[in-house]
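Okay, so here's the structure we're looking at.
The values are calculated or read from the model by the stated rules, or taken from the named source; none is laboratory data. Note that the structure is a prediction, hence the values are computed from the model and not measured. For neighbour counting, all protein chains shown are included, and Cβ atoms are generated from backbone atoms with ideal geometry for every residue, glycine included. The accessibility values were calculated without ligands, DNA or RNA, using every heavy atom of the protein model including side chains. Shrake-Rupley method; radii C 1.70, N 1.55, O 1.52, S 1.80 Å.
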Amino acid sequence: MREKKKWMMAAAAAVGAVTGRICYECRHFTTEYYDVTSDKIPEAFEGFRFVVMTDLHNYDFDHGNRKLLAQIEHLKPDAVMIAGDMIDAHPGADMSVAIRMMRMLCDRWPVYFGNGNHEQRIELYPETYGDMNERWCKAIRHPNLHLLRNQHLNICKDGEEICVYGLELNRKYYKRFRKVPMTRHYMTEKLGICDRNRFNLLLAHNPFYFDEYAKWGADLVLSGHVHGGVVILPFLGGVLSPQVRLFPKYYAGEYFRDSSEMILSRGLHMHSFRIRLLNMPELSCVTLRRS
């Protein structure tokens, strides 16, 4: 009887510890630093720094995300890159936290935004989400906001430039349980022919098509969507993707293919089931370096 009681107490303590850790990770974030090196980066962009935000899902870490904004200010970025899902796409969902964050960012820095599947969803299905897309687009409109929906623009500095693309994938590429093969010329049809003589940065929310992005010509891909795989296990990696696939190939960190690199953020929060374990929310800080 005593042995059984000991085991029950140990199990309760373990459950309590895990629950406490999950609560802590959902309420705090860390900053991850990345140096991206390429001989295609112009001299004027040596040391160019930007923060990457993805998957905020309208979450407020404190009163008005003050600590998050303070950390971004501390990093002194030249720009902010957003790889989608600042909001939660639920009918009638509150978007005020994401709207306030967008306005504060745009008041301070140039912001380059590539839609995630949640921003895309509220536009595609007005019969479900009503006027959410109209209200969202109107609320975030700002001279410093560059919303890139299968579009690109150049960031210019001292007469030199790098190119930033924003990819919005067809909804079929977010299907659950399997990866839908991407048609051969899909990337070119969406974004045009890539000028491989320039440094090309691609905001692509869904990381599972990194091979296709690299073949198209992206030098640096910034992604999110996977939320670090919910739980990260030592030696095994992220456990579950939003497409309900176990141990996804891409879940967090840096990945390389030929001359292309992908930085996959663990994201700042979750949607639906807000659980994280060994998987701290991430604010990414990227610095460009000439090789």
Exercise. Which percent of the accessible heavy-atom area of the chain goes to carbon and sulfur, probe 1.4 angstrom?
Worked result: 54
For this session: Once you have the Kirkwood Rh of the chain from its Cα pairs, apply Stokes-Einstein at 4 °C and 1.567 mPa s and quote D in µm²/s.
Result: 65
Exercise. Sorted by packing (mean other beta-carbon atoms within 10 Å per residue), highest first, where do 207-215, 80-88 land?
Worked result: 80-88, 207-215
Problem set entry | the range 119-232 - charge dipole about Cα centre, Lys and Arg +1 at Cβ, Asp and Glu -1, debye rounded to 20 | 500
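Cα gyration tensor of the range 62-174, axes a ≥ b ≥ c as square roots of the eigenvalues: rounded (a/c below 1.5), prolate (a/b > b/c) or oblate? All intermediate terms of the calculation are to be shown ahead of the outcome.
Details: a/c = 2.22, a/b = 1.27, b/c = 1.74.
Judged from the Cα gyration tensor, the range 62-174 comes out oblate (a/c at least 1.5, b/c at or above a/b).
Would you mind calculating the gained length between C23 and H90 on full extension (0.36 nm times residue separation, minus the Cα-Cα distance), in nm to one decimal?
Details: separation 67, 0.36 × 67 = 24.12 nm, distance 2.30 nm.
My answer for the length gained is 21.8 nm.
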For this session: Considering Cα pairs under 8 angstrom that are at least six residues apart, work out the relative contact order of the range 49-105 and quote it in whole percent.
Result: 50
Seminar exercise, completed: Reduced to Cα centres, the span from the range 32-70 to the range 229-267 in Å works out to 19
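What's the FRET efficiency of R289 with R257 using the Cβ-Cβ distance as r and R₀ = 25 Å, to the nearest 0.05?
Numbers: r = 19 Å, r/R0 = 0.77.
For R0 = 25 Å, the calculated efficiency reads 0.80.
Report the charge-dipole magnitude of the chain in Debye, nearest 20, computed about the Cα centre from +1 at each Lys and Arg Cβ and -1 at each Asp and Glu Cβ. Walk me through the numbers before you get to the answer.
Numbers: 39 positive and 34 negative charges, 262 e Å.
That gives the chain a dipole magnitude of about 1260 debye.
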Exercise. Given springs between every Cα pair under 10 Å in a Gaussian network model of the chain, which of T128, T30, T183 has the largest fluctuation?
Worked result: T183
For this session: Would you please put 50-59, 218-227 in order of how densely packed they are, using the mean number of other Cβ atoms within 10 angstrom per residue and starting with the highest?
Result: 218-227, 50-59
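Counting only DSSP beta bridges with both residues in the chain, tell me the antiparallel percent, nearest 5. Don't skip to the answer; put the middle values down first.
Values: 19 of 51 bridges.
The antiparallel fraction comes to roughly 35 percent.
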For this session: Specify whether the C-alpha gyration tensor of the range 128-207 places it in the rounded, prolate or oblate class, a ≥ b ≥ c being the square roots of the eigenvalues: rounded for a/c under 1.5, otherwise prolate if a/b is larger than b/c and oblate if not.
Result: oblate
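Would you mind classifying the range 1-135 by shape? Square roots of the alpha carbon gyration tensor eigenvalues, ordered a ≥ b ≥ c; an a/c under 1.5 is rounded, otherwise it is prolate if a/b is larger than b/c and oblate if not. Could the numbers behind the result be given before it?
Numbers: a/c = 2.54, a/b = 1.45, b/c = 1.75.
Oblate shape, in that a/c is at least 1.5 and b/c is the bigger or equal ratio.
Between F235 and I275, how high is the FRET efficiency from 1/(1 + (r/R0)^6) when r is the Cβ-Cβ distance and R₀ = 25 Å? Nearest 0.05. Write out the running numbers ahead of the final one.
On the way: r = 21 Å, r/R0 = 0.83.
The pair F235/I275 has a calculated efficiency of 0.75.
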For this session: Return the distance in nm (one decimal) between the two label points of a simple spin-label model at V15 and A44, each offset 7 Å from Cα along Cα→Cβ.
Result: 6.1
Seminar exercise, completed: Dividing the mean separation of Cα pairs under 8 Å (6+ apart) by the residue count of the chain yields a relative contact order in percent of 26
Problem set entry | Share antiparallel - DSSP beta bridges, the range 158-291, percent rounded to 5 | 40
Exercise. What is the magnitude of the charge dipole of the range 164-291 about its Cα centre, with +1 placed on the Cβ of each Lys and Arg, -1 on the Cβ of each Asp and Glu, and no other charges, expressed in debye to the nearest 20?
Worked result: 420
Seminar exercise, completed: Taking only the alpha carbons of the range 82-136, the radius of gyration and the largest Cα-Cα distance, Dmax, both in angstrom, are 11.4, 35
For this session: With a cut-off of 19 Å, note down the residues of the range 32-61 whose backbone N falls inside the zone around a label point 7 Å from the Cα of K190 toward its beta carbon.
Result: 53-55
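Using 0.36 nm per residue, how much length does the chain from K172 to D131 gain when fully extended, once their Cα-Cα distance is taken away?
On the way: separation 41, 0.36 × 41 = 14.76 nm, distance 2.33 nm.
Residue separation times 0.36 nm, minus the Cα-Cα distance, leaves 12.4 nm.
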Problem set entry | Share of alpha-carbon pairs per 10 Å distance bin for the range 131-273, given as whole % | 10, 36, 35, 16, 2
Exercise. Which of A93, V36, C23 sits closest to the plus end of the dipole of the chain, meaning its Cα is farthest towards the positive end, when Lys and Arg get +1 and Asp and Glu get -1 on the C-beta?
Worked result: C23
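What FRET efficiency do you get for T37 and V180 if R0 is 30 Å and r is their Cβ-Cβ distance, rounded to the nearest 0.05?
On the way: r = 33 Å, r/R0 = 1.10.
About 0.35, to the nearest 0.05.
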Exercise. So what's the angle, to the nearest 10 degrees on a 0 to 90 scale, between helix 66-75 and the longest Cα principal axis of the chain?
Worked result: 50
For this session: Would you work out which of P281, F199, M187 lies farthest towards the positive end of the dipole of the chain, given +1 charges on the beta-carbon of Lys and Arg and -1 on that of Asp and Glu, about the Cα centre?
Result: P281
